[in-house]
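Asker: This is the structure, below, for whatever I ask next.
The values are calculated or read from the model by the stated rules, or taken from the named source; none is laboratory data. Predicted model, so just to flag it, every value in this text is computed and none were measured. All Cβ positions, glycine included, derive from the backbone under ideal geometry; neighbour counts span all protein chains shown.
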Amino acid sequence: MERLQKIIAESGFCSRRKAEEYIKLGKVFVNGEKVTELGTKASFGDYIVVDGKSLTKEEKVYFLLNKPRGYVSTVNDELGRKKITDLIETDKRVYPVGRLDYDTTGLIILTNDGELANILMHPSRGVEKTYIAKLNKIMLPKDQMILKSGINIDGIKCIPTRVKVRDIDYNKDTCIVEISIVEGRNHIIKNVFMKMGYLVDKLTRVEYGFLKLDNLKSGEYRELSIKEVKKLYEYKN
Ligand code: URA
């Protein structure tokens, strides 16, 4: 049993907020009974009608996108900027699992499977994410040691699972660092480096758990296989 507004949203009919409005307006019927209480629970097996249309559970879809720079990874943007959801050709209402900044590129999953999204975004699940960061100066070996031991951001220590300087440009005084983390706070990579006095000039996510960007070009996407989806569900345990 789930909250009715959650079931309506997960069916892909509309957002959870909109579903709450429909409930309050008396436009939702469960097994023929009008429901106006927001806390009411139901199941997908129930016959649910919203605004005169019956709900059928929507087929789940899963996409892996190589996000280009200059796109927001939210479903709505008050500034009217380009959204990554616009890049995906589907008739389903997909949304991103977690966020990448407007100027960050790389691997992001989009789906209409709320259950999987919740599993993957939960901080305790430990999905490792790997980023390639171009820094505005060469990282000192002592700072690499400090980073490996963890950096305190807003009272919570972010301890990378891996840090590796991949390349150094002595002429330009810049470097490329590969860094893996488990947590998913917004802007976490930039904040970690900023705390140590470095600016991230470019950031790309190249791995999400066992998923890799591979040969996907910027703006390209592919569907996840059933095997990959099953493997992602294993993060639940
Ligand atoms: N950390 C950041 O700073 N930005 C991102 O987009 C992702 C992780």
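Asker: Could you list, in sequence order, all residues of region 76-97 that are assigned to a loop (DSSP other than H, G, I, E, B) and without any contact (Cβ under 8 Å) to a residue 24 or more places away in the chain?
Answerer: 76, 77, 78, 79, 80, 81, 82, 89, 91
Asker: For residue 106, indicate whether it is at positive phi, within 13 Å of the ligand (Cβ to nearest atom) and crowded, with 18+ Cβ neighbours inside 10 Å.
Answerer: Answer is yes for this residue.
Asker: Which numbered condition in (1) surrounded by fewer than 17 Cβ atoms within 10 Å (Cβ to Cβ); (2) under 21 Å from the mean Cα position of the chain (by Cα) is the only one that residue 34 fails?
Answerer: Just one mismatch for residue 34, condition (2).
Asker: Of the residues that make up region 56-63, is at least one part of a loop (DSSP other than H, G, I, E, B), of a type outside the set (Gly, Ala, Ser) and touching a strand residue (DSSP E or B) at 6+ places or on another chain (Cβ under 6 Å)?
Answerer: No, that holds for no residue.
Asker: Tell me yes or no: at least one residue of region 110-119 is among the hydrophobic types (A, V, I, L, M, F, W, C), away from the ligand (no atom under 13 Å from the Cβ), in contact with a strand residue (DSSP E or B) (Cβ under 8 Å, 6 or more places away or on another chain) and part of a strand (DSSP E or B).
Answerer: The answer is yes, given that some residue of region 110-119 is among the hydrophobic types (A, V, I, L, M, F, W, C), away from the ligand (no atom under 13 Å from the Cβ), in contact with a strand residue (DSSP E or B) (Cβ under 8 Å, 6 or more places away or on another chain) and part of a strand (DSSP E or B).
Asker: Suppose we keep only residues that are surrounded by 17 or more Cβ atoms within 10 Å (Cβ to Cβ), assigned to a helix (DSSP H, G or I) and not aliphatic (A, V, I, L, M) within region 3-20. Which one would you say is farthest from the chain's Cα centre (by Cα)?
Answerer: Taking the candidates together, the pick is 20.
Asker: List the residue pairs whose Cβ atoms are under 8 Å apart, where the first residue sits in region 98-109 and is under 14 Å from residue 187 (Cα atoms), the second is of a type in the set (Phe, Trp, Tyr) and not in a strand (DSSP E or B), and the two are 6 or more positions apart or on different chains.
Answerer: Pairs that qualify, where the first residue is under 14 Å from residue 187 (Cα atoms) and the partner is of a type in the set (Phe, Trp, Tyr) and not in a strand (DSSP E or B), are 102/71.
Asker: Test residue 88 against the stated conditions and say whether it is among the β-branched types (Val, Ile, Thr) and over 25 Å from residue 227 (Cβ atoms).
Answerer: no
Asker: Quick one: what pairs do we get from region 175-195, first residue more than 15 Å from residue 206 (Cα to Cα), second within 7 Å of the ligand (Cβ to nearest atom) and at pLDDT 95 or above, C-beta under 8 Å, 6+ apart or different chains?
Answerer: 185/191; 186/101; 187/101; 190/101; 190/200; 190/203; 193/200; 194/200
Asker: Kindly state which strands (runs of 3 or more DSSP E) lie completely within region 126-198 and contain at least 1 residues that are farther than 19 Å from residue 208 by Cβ, within 12 Å of the ligand (Cβ to nearest atom) and among the β-branched types (Val, Ile, Thr).
Answerer: 151-153
Asker: So which residues in region 47-58 are surrounded by 13 or more Cβ atoms within 10 Å (Cβ to Cβ) and free of Cβ contacts under 8 Å to residues at least 24 places away in the same chain, if there are any at all?
Answerer: Scanning region 47-58 gives a single hit, 49.
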